[in-house]
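A.B. asks: Before I ask anything, let me first share the structure, which is written out below as structure tokens.
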Amino acid sequence: RLRLVDDQDTWCSIVGVTQDVRHGGPDQAAAMEFYVPYMPETCGRSIMSVVVHTSGSPLSLMDPIRRIIKEADPSVPAPGMTTVSSMIDEHLLFRRMYTWILVVFAVAAGILAVSGTYGVMAYSTGQRIQEAGIRLVLGARPQDITRQMLRQGMLLIGAGLLLGLAGAFAFGHILASFLFGIGETDPVVFLGVSALLLTVMCLACYLPVRRVARID
């Protein structure tokens with residue numbers, strides 16, 4: 001049993017434990033709280049919210065619920081009703097807008113990074129056309145030249161990814177306020193983005209290298 005600080009004369013018996021409920025929103029941690037019977041004299045509380053579960057469309061139940069309440073007590077005003085999904089969407093409206101803005105900038109940054117990597121690799125390999133030609137004349141195989149240039153390109157890409165991951169870990173807490181359900185260092189996100197960037201950059205490195213290796 002327990003009793004409230006502002007009502008020392010009334011003891012409440014605990015009859016069960018529910019799952020966590022996030023009244024502050026899906027991005028807020030669940031706070032310590034309890035439910036009491038809907039009676040004004042019990043624990044000094046008289047506010048009630050009713051949650052209705054349905055296997056169909058929640059919107060189809062609004063009119064029947066209002067009709068049932070009206071039939072039970074015509075003096076009770078029609079209750080304000082909404083769906084849980086609508087409440088979540090309203091709560092997250094601005095966060096989703098900010099997140100989409102960040103997504104647009106992130107995509108633009110990704111495109112610039114990939115195109116920049118491709119441009120740098122194309123330029124650096126283009127500068128080695130004469131070297132590749134001499135190596136081919138002296139007996140080097142095209143796959144040897146491709147392997148050597150790819151190894152050098154992969155070293156640069158690996159260094160860039162390591163620096164990028166270090167920066168993401170260091171500044172990830174800045175984006176923590178936009179996240180819920182995952183942490184700012186979620187491994188799936190980091191591994192997925194790293195794999196995507198690595199794949200695209202490897203292609204950006206391989207295509208100009210292959211062109212050089214095909215020199216007559």
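A.B. asks: Roughly speaking, what is the stretch gain from Arg66 to Leu112, that is 0.36 nm per residue apart minus the C-alpha to C-alpha distance, in nm to one decimal? List each step's numbers first, then the result.
C.D. replies: Numbers: separation 46, 0.36 × 46 = 16.56 nm, distance 5.59 nm.
Stretched out fully, the Arg66 to Leu112 stretch lengthens by 11.0 nm.
A.B. asks: Can you give the FRET efficiency for Thr18 and Phe190, using 1/(1 + (r/R0)^6), R0 = 22 Å, r = Cβ-Cβ distance, to the nearest 0.05?
C.D. replies: 0.05
A.B. asks: How large, in percent, is the carbon and sulfur part of the accessible surface of the chain at a probe radius of 1.4 Å?
C.D. replies: The computed percentage sits at 66.
A.B. asks: For the chain, report the accessible area per residue in Å² (1.4 Å probe, heavy atoms, rounded to an integer). Mind dumping the intermediate values first?
C.D. replies: Details: 16420 Å² over 216 residues.
About 76 Å² of surface per residue is accessible.
A.B. asks: Determine, for each peptide in 111-122, 49-60, the mean count of other beta carbons within 10 angstrom over its residues, then list the peptides with the highest first.
C.D. replies: Put in order of decreasing packing, that is 111-122, 49-60.
A.B. asks: OK, next. Show the residues, 5+ positions off or on another chain, whose built amide H is closer than 5 Å to the amide H of Cys12.
C.D. replies: Those qualifying (amide H under 5 Å, at least 5 residues apart or on another chain) are Leu2, Arg3.
A.B. asks: If you don't mind, another one. At 27 angstrom or more along the helix axis (alpha-carbon based) and mean Kyte-Doolittle of 1.0 or higher, what helices does the chain contain? Whole DSSP H runs only.
C.D. replies: Helices meeting the criterion: 93-126, 187-213.
A.B. asks: With 5 Å bins from zero, work out the P(r) of the range 1-137 over every alpha carbon pair and list the percent per bin.
C.D. replies: 2, 7, 8, 10, 10, 10, 10, 7, 5, 4, 4, 4, 4, 4, 3, 3, 2, 2, 1, 0
A.B. asks: Could you tell me how far the Cα centroid of the range 51-75 sits from the Cα centroid of the range 91-131, in Å?
C.D. replies: The range 91-131 and the range 51-75 have Cα centres separated by 52 Å.
A.B. asks: Taking a quarter of the surface of the Cα convex hull of the range 63-102, what do you get in nm²? Working shown, then result.
C.D. replies: Details: hull surface 13.9 nm².
The number I arrive at for the range 63-102 is 3.5 nm².
A.B. asks: Further question on the same structure: If you take the charge dipole of the chain about its Cα centre, with +1 on Lys and Arg Cβ and -1 on Asp and Glu Cβ, which of Ser85, Thr18, Ser49 is farthest toward its positive end?
C.D. replies: Result: Ser85.
A.B. asks: Hey, for a label at Leu198 modelled as a point 7 Å past Cα toward Cβ, could you say which residues of the range 151-170 have their backbone N under 11 Å away?
C.D. replies: 158, 161-162
A.B. asks: Along the range 10-18, what does the Karplus equation 6.51 cos²θ - 1.76 cosθ + 1.60 (θ = phi - 60°) give for ³J(HN,Hα), rounded to whole Hz, x for Gly and Pro?
C.D. replies: 10, 9, 10, 9, 7, 10, x, 10, 9
The values are calculated or read from the model by the stated rules, or taken from the named source; none is laboratory data. This is a predicted model, so every value here is computed, not measured. Cβ sites come from the backbone with ideal geometry, for glycine too, and all protein chains shown count toward neighbours. Calculation scope for accessible area: heavy atoms of the full protein, side chains included, ligands and nucleic acids excluded. Shrake-Rupley method; radii C 1.70, N 1.55, O 1.52, S 1.80 Å.
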